[in-house]
Amino acid sequence: MLDINGIKKVLPHRYPFLLIDRILELNEGRVVAIKNITVNEPFSQEYFGGLYPMQGVLQVEAMAQTAAFLILDLSGEEGKLAYFSGIEKVRFRKPALAGDQLRIEVSLVKLRARAGKFKGTCYIGDEVSCEGTFTCMLAPDQTEPLK
């Protein structure tokens, strides 16, 4: 199990866009993360009659960050950049609201040299809130100066 400090050693994301708080499970090809949704989040502004939702697109980003954690861990390239390169078959099933704990489960479908295809699902309790398939790829080495 990794806390936020362990996550920050692998992912380059920082406040306000680091969207995972804890890694519960990590084994080859699968990772489970947690995001605690609070009313104090920058994205949690009251609308729709008092609701404070985590927008669906941010749930997808949380799944992508969880997948990035997995691909960076598998490749041994902690601290490098992993780009979100594609999404498909995303479905939003239930709103994630302030006070909810989002459990993010991501499994590796296919891994190539510097890219991976993943299946992700976000749960609130036992109910699916969001799910989809997406790809992430490692950024090329940025040691060469731009011309």
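The values are calculated or read from the model by the stated rules, or taken from the named source; none is laboratory data. As the structure is a prediction and not an experimental result, all values here were calculated from the model. In this analysis, Cβ positions are derived from the backbone assuming ideal geometry, glycine residues included, and neighbour counts consider all displayed protein chains.
Comparison of Leu102, Leu97 shows that the only residue that is more than 14 Å from the chain's Cα centre (by Cα) and not basic (Lys, Arg) is Leu97. Within segment 99-109, being surrounded by 17 or more Cβ atoms within 10 Å (Cβ to Cβ) and either not in a strand (DSSP E or B) or not basic (Lys, Arg) (or both) holds for Asp100, Leu102, Ile104, Glu105, Val106, Leu108. With the structure loaded, tell me whether Val10 is in contact (Cβ under 8 Å) with a residue 60 or more places away in the chain, in contact with a helix residue (DSSP H, G or I) (Cβ under 7 Å, 6 or more places away or on another chain) and farther than 15 Å from Cys122 by Cα or whether it fails that test. Yes: the conditions hold for Val10.
Return yes or no: is Glu144 over 12 Å from the mean Cα position of the chain (by Cα), modelled with pLDDT under 90 and either assigned to a strand (DSSP E or B) or surrounded by 16 or more Cβ atoms within 10 Å (Cβ to Cβ) (or both)? Give the steps one after another, and end with the answer.
Working: over 12 Å from the mean Cα position of the chain (by Cα): yes; modelled with pLDDT under 90: yes; either assigned to a strand (DSSP E or B) or surrounded by 16 or more Cβ atoms within 10 Å (Cβ to Cβ) (or both): no.
No.
Going through (1) surrounded by fewer than 13 Cβ atoms within 10 Å (Cβ to Cβ); (2) under 12 Å from the mean Cα position of the chain (by Cα) one by one, Ala62 falls short only on (1). Among the criteria (1) over 15 Å from the mean Cα position of the chain (by Cα); (2) of a type in the set (D, E, K, R); (3) assigned to a loop (DSSP other than H, G, I, E, B), the one Arg14 does not fulfil is (1). Restricting segment 12-40 to residues that are of a type in the set (S, T, N, Q) and farther than 26 Å from Glu78 by Cα, the residue that is modelled with the lowest pLDDT is Asn40. Of the residues making up segment 9-18, those that are under 16 Å from Leu81 (Cβ atoms) and either aromatic (Phe, Trp, Tyr) or surrounded by 16 or more Cβ atoms within 10 Å (Cβ to Cβ) (or both) are Val10, Leu11, His13, Phe17, Leu18. Are any residues in segment 42-53 out of contact with any Leu (no Cβ under 7 Å at 6 or more places or on another chain) and closer than 22 Å to Glu131 by Cα, and if so, which ones? Result: Ser44, single match.
Being among the hydroxyl-bearing types (Ser, Thr, Tyr), surrounded by 16 or more Cβ atoms within 10 Å (Cβ to Cβ) and either more than 22 Å from Leu26 (Cβ to Cβ) or without any contact (Cβ under 8 Å) to a residue 12 or more places away in the chain (or both) is true for just one of Ser44, Ser129. Which residue is that?
Numbers: Ser129 fails: either more than 22 Å from Leu26 (Cβ to Cβ) or without any contact (Cβ under 8 Å) to a residue 12 or more places away in the chain (or both).
Of Ser44, Ser129, the one residue that is among the hydroxyl-bearing types (Ser, Thr, Tyr), surrounded by 16 or more Cβ atoms within 10 Å (Cβ to Cβ) and either more than 22 Å from Leu26 (Cβ to Cβ) or without any contact (Cβ under 8 Å) to a residue 12 or more places away in the chain (or both) is Ser44.
For segment 110-126, what are the residues that are surrounded by 14 or more Cβ atoms within 10 Å (Cβ to Cβ) and not in a loop (DSSP other than H, G, I, E, B)? Give the derivation first.
The first filter runs over segment 110-126 and keeps only residues surrounded by 14 or more Cβ atoms within 10 Å (Cβ to Cβ), leaving 111, 114-124.
Answer for segment 110-126, where residues must be surrounded by 14 or more Cβ atoms within 10 Å (Cβ to Cβ) and not in a loop (DSSP other than H, G, I, E, B): Leu111, Ala115, Gly116, Lys117, Phe118, Lys119, Gly120, Thr121, Cys122, Tyr123, Ile124.
Phe43 fulfils the conditions (1) part of a strand (DSSP E or B); (2) modelled with pLDDT under 90 except for a single criterion, (1). Any idea which of Ala82, Ala96 is touching a residue at least 24 places away in the same chain (Cβ under 8 Å) and touching a Cys at 6+ places or on another chain (Cβ under 6 Å)? None of the other options fit; the residue is Ala82.
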